[in-house]
Amino acid sequence: MTIKARYYQKSTLADVASSVGVSIEAIRGRIRKALFQLRKNRGLRQFVEYHTPYYLHVGVTSFKSTNISSTERIVLEREQMEERWLTNHFHNLCLAMDGENIA
């Protein structure tokens, strides 16, 4: 809930802290820890690397109609996969972070 409220709902640190019932520093610590866990997660990199469709070939006709090369298409696919993976795993991370007791 902390990350969701802060970044998705655009709440201030003070608003998040008062809704959770902890200090602003505790919220900063939770956010720092959650972002660190998201960044270090190897599952994301492995998932994206495994599922990247390197075999995509975009022909001239497709390129002319979309103005997207095969390389650009692969990059777009990878970004979409990362976003889907993070969305799927984000909820579990929020539940784990909210379940911790912070003094």
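Within the range 31-55, being modelled with pLDDT of 80 or more and charged (D, E, K, R) holds for R32, K33.
Conditions (1) under 27 Å from Y8 (Cα atoms); (2) of a type in the set (A, V, I, L, M, F, W, C); (3) at pLDDT below 80, marked per residue:
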site: R84; (1), (2), (3): yes, no, no
site: T87; (1), (2), (3): yes, no, yes
site: F90; (1), (2), (3): yes, yes, yes
site: L95; (1), (2), (3): yes, yes, yes
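Considering V22, V75, V58, the condition of being hydrophobic (A, V, I, L, M, F, W, C), more than 13 Å from the chain's Cα centre (by Cα) and at pLDDT below 80 is satisfied by V58 alone.
Within the range 30-53, the set of residues being over 20 Å from E82 (Cβ atoms) and more than 18 Å from the chain's Cα centre (by Cα) is empty. One residue stands out in the range 61-72 among those that are modelled with pLDDT of 80 or more and of a type in the set (V, I, T): the one that is surrounded by the fewest Cβ atoms within 10 Å (Cβ to Cβ), namely T66.
Restricting attention to the range 9-46, report how many residues are in a helix (DSSP H, G or I) and either surrounded by 13 or more Cβ atoms within 10 Å (Cβ to Cβ) or touching a residue at least 40 places away in the same chain (Cβ under 8 Å) (or both). Don't jump to the end; show me each part of the working.
Initial filter on the range 9-46 (in a helix (DSSP H, G or I)): 13-20, 24-40, 42-46.
Cutting the leftovers down to either surrounded by 13 or more Cβ atoms within 10 Å (Cβ to Cβ) or touching a residue at least 40 places away in the same chain (Cβ under 8 Å) (or both) gives us 13, 15-20, 24, 26-31, 33-35, 37-38, 43-44.
Residues in the range 9-46 being in a helix (DSSP H, G or I) and either surrounded by 13 or more Cβ atoms within 10 Å (Cβ to Cβ) or touching a residue at least 40 places away in the same chain (Cβ under 8 Å) (or both): 21 in total.
The set of residues in the range 61-77 being within 15 Å of V48 (Cα to Cα) and not in a helix (DSSP H, G or I) is empty.
The values are calculated or read from the model by the stated rules, or taken from the named source; none is laboratory data. The structure displayed is predicted, hence computed values, not measured ones. So basically every Cβ, Gly included, is an ideal-geometry build from the backbone, and we count neighbours across all protein chains shown.
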